[in-house]
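Input: a single structure, listed below in structure tokens.
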Amino acid sequence: MSTIAGTAPRGQARRRIRFDGWRWGGRIFLVFMLLYTALPMIWMLLTSIKSGFAAMQFPPQWWPDQPTLASYQKLLDPQNSVGQDFLRFFWNSLFVSTATTILSVIVAVPAAYAFSRFTFPGRNFLFFTVLLRNMFPAVIFLVPLFILMRAIGLVNTHGSLVLTYLTFGLPLAIWLLKGFYDNIPVQLEQAARIDGATRFQAFILIVMPLSTPGIIATAIYSFIGAWNEYIYAYTFLSKNEQLTLPVGIQRFFSENTTDFPGLMAASFIMSVPVVVLFLVLQRYFVRALTEGAVKH
Amino acid sequence: MTIVTGKTEARRRLQPGGSGLLRKIWEHRADYAYVLPAIAVMLVVIAYPIYYTIELSFFSTPPGLQLRDKTFIGFDNYTAILTSGVFWKVTWNTLIWTVGSTGISFVLGFAAALALHRDFFGRGVLRAILIIPWVISAVAASYIWKWIYHSDFGIIGAVLVGLGWADRPPNFIDSVSTVLPSLIVVNIWREFPFAMIMMMAGLQTVPDQLLRAAKVDGANAWQRFWHVTFPHLRNVSTVTILLLAVANFNSFIIPWIMTGGGPSNASHIWITHIYELAFGRQRWGVASAYSVLLFIILMTFGYFYVRALSGNDRRDGSA
């Protein structure tokens with residue numbers, strides 16, 4: 001199927017003669033999926049460069065006749081109150097997501113390694129208990145965690161979010177990384193041990209570098225999850241200056257539901273960091289899923 | 001340092017003598033240091049909340065979070081839930097939402113993965129574009145689609161009117177009959193890329209020799225897919241469908257931001273309903289009882305999930 005080069009002359013000749021229904025079906029389907037995926041995002045961008053008046057027309061202006069960056073200027077201008085708030089939300093999101101990512105990697109890497117290599121009692125039980133976290137919706141934990149965070153004085157701090165977000169990413173992170181370590185030959189570490197390295201040194205010096213794609217994938221996953229999280233931030237934080245972007249833009253626009261260009265601009269800015277991060281590093285992510293999650 | 005499969009592990013644990021187990025734990029104490037941080041975080045943020053939720057579900061609670069003034073009422077919260085009409089309405093919605101979103105996301109994602117499997121010009125770019133909805137926040141997605149569905153200025157309504165298929169723009173998310181399907185379309189938009197990535201990863205593991213052998217034997221494209229590719233992907237498919245089903249069952253943001261469960265509960269699913277009971281109406285006891293029921297359902301899901309995953313593991317161990 002994928003060896004076009006190998007079967008070159010005869011295969012191509014045959015293909016030119018015969019109509020390949022599967023291939024054409026696939027192409028038409030991909031065009032449909034492209035439209036389904038991209039049109040909403042294009043409409044977001046087009047709306048974001050309209051004036052409030054131009055957005056409120058029926059039938060809509062397909063292409064804005066007087067495109068303007070006013071919405072973006074308003075959001076990103078530290079001189080006015082809207083811009084101040086918005087930029088603060090942005091930095092809050094960045095701080096919480098970065099802290100979550102760093103801690104996730106620190107916690108997940110050794111755990112995944114231990115689950116892959118060691119045979120301590122209760123290993124399988126603990127492993128599947130961690131995986132089960134994927135099952136539970138945020139809502140179940142909301143009331144008790146709110147009470148717990150209040151008791152330990154973390155309500156209205158970003159610490160409460162980082163601690164909770166850690167547990168979202170961990171199950172998949174540990175699972176992905178364990179798959180990675182399973183595929184790294186044990187002999188590599190044994191060789192290092194013979195050369196005099198301790199078990200921990202072998203892990204840090206030999207295994208860690210080999211699992212870089214897995215670690216990057218884990219980091220992306222944690223970052224995106226934390227950046228996009230809504231329900232805990234919505235419940236745990238009440239002060240305006242602490243809010244993260246998803247909650248912040250909701251507060252912004254709940255009073256003024258007609259400013260759709262502003263809302264679309266805010267949605268776009270909120271999407272930029274994670275989309276860029278993902279596009280730059282996506283090959284690591286896809287590779288991690290291939291090697292980690294999907295066993296041969 | 002050797003990798004031991006679950007079976008040997010279980011056999012060892014079955015050996016008589018508690019002191020043997022304790023000694024074993026002690027011998028492996030250095031190993032636990034690696035998993036301790038993960039387990040500690042999990043304990044605080046999961047075990048305690050589960051315990052507290054179960055406790056609270058047997059109490060009548062005052063509004064506000066003055067939960068010390070609660071009174072024990074046995075199973076009354078549970079009977080109140082099961083005898084209310086809203087419960088069955090919301091359960092039905094949840095079923096349609098979960099099955100519809102999961103099924104269509106999986107089929108679209110799998111088809112896209114198959115179509116993208118063959119190399120062609122622009123494949124990388126196309127794949128990246130198709131993944132983007134999964135990466136952007138559900139909050140942004142909700143606002144984008146709310147604007148697209150807008151009953152006065154929405155683009156879909158405008159197209160329908162422009163084509164003469166409707167007299168005026170339909171109220172996609174303000175009408176009881178169309179709200180749930182409309183939200184499912186949004187959800188699929190966000191979810192199918194996940195299925196696509198997983199199945200693409202899976203497709204790379206299908207041995208080329210098998211497909212070529214099947215071709216030599218005269219199997220057509222459909223037969224090759226059905227008899228070679230698909231059986232090979234059974235494990236990936238199971239895991240993907242389970243992950244999607246759980247994620248959809250637990251989704252909150254899209255229905256909450258787009259409709260808040262309305263109109264007249266038509267788009268309430270379990271999660272949004274529980275949230276409203278707890279934080280909207282401050283009925284902590286009833287919300288906790290709902291959570292416990294949810295927990296039981298999810299543990300059933302979880303049983304199959306762990307079985308699918310350990311099926312992966314076993315095959316790996318014997319290979």
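Here, each number is a calculation from the coordinates, and none is a lab measurement. Only a predicted model underlies this, so the values are computations on that prediction, with no experimental measurement involved. For neighbour counting, all protein chains shown are included, and Cβ atoms are generated from backbone atoms with ideal geometry for every residue, glycine included.
Tabulated results
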{"read-out": "In order through the stretch B:128-136: 3J(HN,Hα) via Karplus (6.51 cos²θ - 1.76 cosθ + 1.60), integer Hz, x for Gly, Pro", "value": "4, 5, 5, 7, 3, x, 6, 7, 6"}
{"read-out": "For the stretch A:205-292, convex hull of alpha carbons as volume per residue, Å³", "value": "129 Å³"}
{"read-out": "Neighbourhood charge, 11 Å Cβ-Cβ cut-off, centred on A:F86 and excluding it, Lys, Arg +1 and Asp, Glu -1", "value": "+1"}
{"read-out": "P(r) tail fraction, the stretch A:32-74 - alpha-carbon pairs more than 12 Å apart, %", "value": "60 percent"}
{"read-out": "Kirkwood Rh and Cα Rg combined as Rg over Rh, evaluated for the stretch B:182-227", "value": "1.22"}
{"read-out": "Cα coordinate range in the stretch A:75-164, projected on the principal axes (Å, largest first)", "value": "59, 28, 23"}
{"read-out": "Whether chain A is rounded, prolate or oblate, judged on the alpha carbon gyration tensor where a/c under 1.5 counts as rounded", "value": "oblate"}
{"read-out": "Summed residue charge, Cβ within 14 Å of A:A54's Cβ, Lys/Arg positive, Asp/Glu negative", "value": "-1"}
{"read-out": "222 nm mean residue ellipticity, helices alone, for chain A (DSSP H n ≥ 4; -39,500 (n - 2.57); rounded to 500)", "value": "-23500 deg cm²/dmol"}
{"read-out": "Angstrom value of the Kirkwood radius, inverse mean 1/r, which spans all Cα pairs in the stretch B:221-290", "value": "14.7 Å"}
{"read-out": "The protein assembly as shown: radius of gyration and largest Cα-Cα distance (Dmax), Å", "value": "25.9, 83"}
{"read-out": "Stokes-Einstein translational diffusion, chain B - Kirkwood Rh over all Cα pairs, 1.002 mPa s, 20 °C, in µm²/s", "value": "91 µm²/s"}
{"read-out": "Directionally averaged shadow of the stretch A:169-230, computed from the convex hull of its alpha-carbon atoms, nm²", "value": "4.4 nm²"}
{"read-out": "Fraction of alpha-carbon pairs over 12 Å apart in the stretch B:45-89 - percent", "value": "67 percent"}
{"read-out": "Cβ-defined net charge surrounding A:M264, 13 Å radius [Lys, Arg +1; Asp, Glu -1]", "value": "+2"}
{"read-out": "For the stretch B:40-178, alpha-carbon Rg relative to the globular expectation (2.2 N^0.38 Å, N residues)", "value": "1.62"}
{"read-out": "³J(HN,Hα), Karplus 6.51/-1.76/1.60, whole Hz, each residue of the stretch B:228-237, x for Gly, Pro", "value": "10, 5, 4, x, 5, 9, 4, 5, 4, 4"}
{"read-out": "For B:F59, residues with placed amide H under 5 Å, excluding near neighbours", "value": "B:I73"}
{"read-out": "Cα-based Rg of the stretch B:131-229 normalised by 2.2 N^0.38 Å, two decimals", "value": "1.65"}
{"read-out": "Selection from A:F127, B:N93, A:A38 lying farthest towards where the dipole of the protein assembly as shown points positive, charges on Cβ", "value": "A:F127"}
{"read-out": "Spread of Cα-to-Cα distances over 10 Å intervals beginning at zero, given as percent, for the stretch A:37-195", "value": "9, 21, 22, 20, 17, 8, 3, 0"}
{"read-out": "Karplus (6.51, -1.76, 1.60) ³J(HN,Hα), θ = phi - 60°, over the stretch B:116-123, in Hz, Gly and Pro reported as x", "value": "8, 5, 6, 6, 8, 5, x, 4"}
